[in-house]
1. Among all residue pairs at least 6 apart or on different chains, which show Cβ distances below 7 Å where the first residue, located in the range 135-146, is more than 13 Å from Leu68 (Cα to Cα) and in contact (Cβ under 8 Å) with a residue 12 or more places away in the chain and the second is among the small types (Gly, Ala, Ser) and outside any helix (DSSP H, G or I)?
2. Would you check if there is a residue in the range 79-87 being assigned by TED's automatic domain parsing to the domain that holds Trp151 and in a helix (DSSP H, G or I)?
3. Let me confirm something: among Gly9, Gly47, which residue is closer than 28 Å to Ser158 by Cβ, part of a helix (DSSP H, G or I) and among the small types (Gly, Ala, Ser)?
4. Which ones in the range 101-113 are surrounded by fewer than 15 Cβ atoms within 10 Å (Cβ to Cβ) and of a type in the set (A, V, I, L, M, F, W, C)?
5. Restricting to the range 122-164, and then to whatever is over 19 Å from Leu89 (Cα atoms) and among the polar types (S, T, N, Q), can you tell me which residue is farthest from the chain's Cα centre (by Cα)?
6. Name the pairs: first residue in the range 81-101 and at positive phi, second residue surrounded by fewer than 13 Cβ atoms within 10 Å (Cβ to Cβ) and in a helix (DSSP H, G or I), Cβ to Cβ under 7 Å, at least 6 apart or on different chains?
7. What's the number of the only condition in (1) loosely packed, with under 13 Cβ neighbours inside 10 Å; (2) within 16 Å of Pro66 (Cβ to Cβ); (3) of a type in the set (A, V, I, L, M, F, W, C) that Leu169 fails to meet?
8. Has the range 56-63 got any residue that is part of a loop (DSSP other than H, G, I, E, B), over 25 Å from Ala137 (Cα atoms), in contact (Cβ under 8 Å) with a residue 24 or more places away in the chain and in contact with a helix residue (DSSP H, G or I) (Cβ under 9 Å, 6 or more places away or on another chain)?
Amino acid sequence: MRAAVEWAGLAVVLGWAGFALAGLWAGPLGASAAGAAVAALVLARRGGLVVSGAMALLSPVGVMLPALALRHMAAAWGLPVAPFATAELLIFLAAYGLFLASAMGLVPVDLYRLGYAPVPVAAMVLAVCGYGLWSGALFLPLVAVAGQALWVAGLGSSNWFDHVLHAMLVPVVVVALIARAG
């Protein structure tokens, strides 16, 4: 079942890539068809070299990347999607930079270890839900809770952070910030 969750997440992420590329010249319907075709191809060819290489590169996929992909597709279809504030992106980038430095042993505290323990995970999920309640945004609380549900069910990584964070978020946030500045 773990593998099925990871493959579904990869299919969504690569399907989104097909959706985004096709969206450069096609409307939402054509882009959605292209994205669906890519996602189906990922699931059909999951033993192939290219798809297995993508899985090796992006694994663990977790919840955040597929959720962001689905969020972007929903916005392209015209559904109301509130953008992240610039301050939120800057705070995330600084906090995630510290988290990555901690995971690499560059600071004396290993924050990654907290993702294995139920009480710190519950506290972090509650904090994210509290932020969502305060800000009126549901996206991050839904990702945090979905990540916790997968983590508790033993589907995917044994660390909650692997469900809700991904190293690919750093370049995505940097590009979003540069686009806003320009």
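1. Note: pairs meeting the criteria are Ala137/Ala82.
2. Yes; the residues of the range 79-87 include at least one that is assigned by TED's automatic domain parsing to the domain that holds Trp151 and in a helix (DSSP H, G or I).
3. Numbers: Gly47 fails: part of a helix (DSSP H, G or I).
Sole residue among the options that is closer than 28 Å to Ser158 by Cβ, part of a helix (DSSP H, G or I) and among the small types (Gly, Ala, Ser): Gly9.
4. To start, the set of residues in the range 101-113 that are surrounded by fewer than 15 Cβ atoms within 10 Å (Cβ to Cβ) comprises 101, 104-110, 113.
Hits for the range 101-113 are Ala101, Met104, Leu106, Val107, Val109.
5. So the residue we want is Ser158.
6. Pairs found: none.
7. Unmet for Leu169, out of (1) loosely packed, with under 13 Cβ neighbours inside 10 Å; (2) within 16 Å of Pro66 (Cβ to Cβ); (3) of a type in the set (A, V, I, L, M, F, W, C): (1).
8. The initial filter retains those residues of the range 56-63 that are part of a loop (DSSP other than H, G, I, E, B), namely 59-63.
From what is left, the residues that are over 25 Å from Ala137 (Cα atoms) are 59-60.
So of that shortlist, the ones also in contact (Cβ under 8 Å) with a residue 24 or more places away in the chain come out as 59-60.
If we keep only those that are in contact with a helix residue (DSSP H, G or I) (Cβ under 9 Å, 6 or more places away or on another chain) as well, we get 59-60.
Yes, some residue in the range 56-63 is part of a loop (DSSP other than H, G, I, E, B), over 25 Å from Ala137 (Cα atoms), in contact (Cβ under 8 Å) with a residue 24 or more places away in the chain and in contact with a helix residue (DSSP H, G or I) (Cβ under 9 Å, 6 or more places away or on another chain).
The values are calculated or read from the model by the stated rules, or taken from the named source; none is laboratory data. A quick note: this is a predicted structure, and the numbers were derived from the prediction, not measured. FYI the Cβ positions are ideal-geometry reconstructions off the backbone, even for glycines, and counts take in every protein chain you see.
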